[in-house]
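Below: the structure, in structure tokens.
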Amino acid sequence: MSDQHEPLAGDLLVILRHAPHGSSWLREGLDVALVAAAFGTDVSLLFMGEGVTALVEDQTAGALGQKGTAPTLEMLEMYDIETLWVEAEALTRFGLTADELMLAPRALEAGAIAEAVQNHPRVLTF
């Protein structure tokens, strides 16, 4: 499931590249996205690499009691963060399908990801 159409530009693209457990990078990226959206910024999210695993449904707590990201992800709609993309190659690498993910992001191939990065005036990577 991939989308070859040119991604639309927003004000800010937040790229999430880390797994939900083992570090605070993913949670910090989501927090930045929520704060930016709360102040009226049009935020797009792109889950790449291990970041796609944050979208797997029914996650449990991490080894050190780290909470899953599901509650934060469920808040995205409330903050009008509607542009959600996932790296198609990462889905394949982790053996995931769109049916196993929360929030139904659009899968993007490498060319569309490059366009998304170019089309956003601000890009933050976590």
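Could you tell me how many of the residues in the stretch 90-117 are among the polar types (S, T, N, Q) and at pLDDT 95 or above?
1
What are the pairs, 6+ residues apart or on separate chains, where a residue within the stretch 11-37 that is over 16 Å from LEU84 (Cα atoms) and free of Cβ contacts under 8 Å to residues at least 40 places away in the same chain has its Cβ under 6 Å from a residue that is assigned to a helix (DSSP H, G or I) and not small (Gly, Ala, Ser)?
Within 6 Å, the pairs are ALA19/GLU50; ALA19/THR53.
Tell me, which residue of the stretch 36-62 that is outside any strand (DSSP E or B), open to solvent by less than 40 Å² (accessible area, probe 1.4 Å) and of a type in the set (S, T, N, Q) is nearest to GLY10 (Cα to Cα)?
THR41
Condition first: in a helix (DSSP H, G or I), open to solvent by 20 Å² or more (accessible area, probe 1.4 Å) and of a type in the set (A, V, I, L, M). Now tell me which residues in the stretch 18-35 satisfy that.
Listed by number, the residues that qualify are VAL32, VAL35.
Filter the stretch 79-120 down to residues that are of a type in the set (A, V, I, L, M) and in a strand (DSSP E or B) and give me whichever is surrounded by the most Cβ atoms within 10 Å (Cβ to Cβ).
VAL86
The values are calculated or read from the model by the stated rules, or taken from the named source; none is laboratory data. The structure displayed is predicted, hence computed values, not measured ones. Note that we place each Cβ from the backbone using ideal geometry, even for glycine, and neighbour counts take in every protein chain shown. Heads up: the accessible areas ignore ligands, DNA and RNA and are worked out on the full protein's heavy atoms, side chains in. Shrake-Rupley method; radii C 1.70, N 1.55, O 1.52, S 1.80 Å.
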